[in-house]
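In what follows, a structure is listed as structure tokens, so that the remarks can point back to it.
The values are calculated or read from the model by the stated rules, or taken from the named source; none is laboratory data. As the structure is a prediction and not an experimental result, all values here were calculated from the model. Glycine gets a Cβ as well: all are built from the backbone with ideal geometry, and neighbour counts include every protein chain shown. Side chains are part of the model used for accessible areas, which takes the heavy atoms of the whole protein and leaves out ligands, DNA and RNA. Shrake-Rupley method; radii C 1.70, N 1.55, O 1.52, S 1.80 Å.
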Amino acid sequence: MNQEEVINNRHMKSSEIYKLGYLLVGAGILLFIDQKLKTGWLTFAIPAMAGFLIMAYAWMHRNVGWTIAGAILLGAGAGLLTGVVFMTARPFVEQAGTAIVAFSGGWLLTFILTSRLTRKVQWWSLVVFSVVLSSGIYLWFYSSAGIFAYFVSLSASLGLTLLVWGIIARRMLGLIIAGCIVLTVAPALYYGWVVTPDLPILVKTGKMLVWLALGWLLISFMARLVFQKFIWWPIIPGGVLGMVGWGLYIGGSAGKELGFISNTGSVALILFGVYLILLKYSLRK
């Protein structure tokens, strides 16, 4: 690129700055109107309006960067509007949760629009959407349950997103492994630390480790389902975690170990049985 082309590009970028002036003028007019009408919501709606205009303009001009900026600003404005204006009768934690859930809509719009513009699925924005959405859901429903409930919500949404990403996006084994492990963190924390807070630490830790072991076994199951081949190495860490977890549970409980082993063993048997069924049908092919 020669010097003349660089100068022309700079001139084109600087010539677009005046369009930002229209937004600033419009925002000032709306602020002035709200001072007179005292609506109580018009001022908070300005970011959402600006984000929508930026997103619509960028979409028409096929500009990915400004489309992302507009969608995120629209989500932030929607979160501000719903959390501050429409949820005033609710506790502050629920207001924050509602605002974050609305904000996650901006990331969902980013995922949809950028995928359409680039004609390629932009999974990174869906990962951010799942994290933000799970955070809002936690504040709305489970904030009183403690920090472990937050990680349950976060790992469930994030693990499922990574797993779907790994299956659809060219069958990426690394993402499938990460998705299986992160996904099983949710039941591990839920059954180990959320629903049974009064149990001994050894028992809760044992429950958690057994559920994490099932996550490693799930890797072998998903590999057979997606790649039509057996991956044996996840059985080693899964088996170690399972035996350690059962040992801790038996050592910390009194007379309840049989029920726990049968419950967790039933899940493992279901996975192994489905695996054998898949093996049979794949051999027929």
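Between A169 and F32, the modelled labels are 4.7 nm apart [label points 7 Å from Cα along Cα→Cβ]. Only residues of the range 174-193 count here: report those whose backbone N is under 16 Å from the spot 7 Å along Cα→Cβ of Y142, or say none. Inside the label zone: 182-193.
For the residues Y138, Y150, a 1.4 Å probe over the protein chains yields an accessible-area ranking, largest first, of Y150, Y138.
Taking the Cβ-Cβ separation of I201 and W232 as r and a Förster radius of 45 Å, what is the calculated FRET efficiency to the nearest 0.05?
Working: r = 33 Å, r/R0 = 0.73.
It comes to 0.85.
Put simply, the amide H of I231, placed in the peptide plane, has neighbours under 5 Å in R224, leaving out anything fewer than 5 places away on its chain.
For the range 208-225, backbone phi angles converted through the Karplus equation (6.51, -1.76, 1.60; θ = phi - 60°) give residue-by-residue couplings of 4, 5, 5, 5, 5, 5, 5, x, 5, 5, 5, 4, 4, 5, 5, 5, 5, 5 Hz, Gly and Pro being listed as x. Dipole magnitude for the range 42-179: about 540 debye, using +1 per Lys or Arg Cβ and -1 per Asp or Glu Cβ, origin at the Cα centre. Solvent-accessible area of the range 24-135 (1.4 angstrom probe, protein heavy atoms only): carbon and sulfur portion equals 76 percent.
Please give the per residue accessible area of the range 117-157, computed with a probe of 1.4 Å over protein heavy atoms only, in Å². Don't skip to the answer; put the middle values down first.
Details: 2150 Å² over 41 residues.
Counting only protein heavy atoms, the per-residue value for the range 117-157 is 52 Å².
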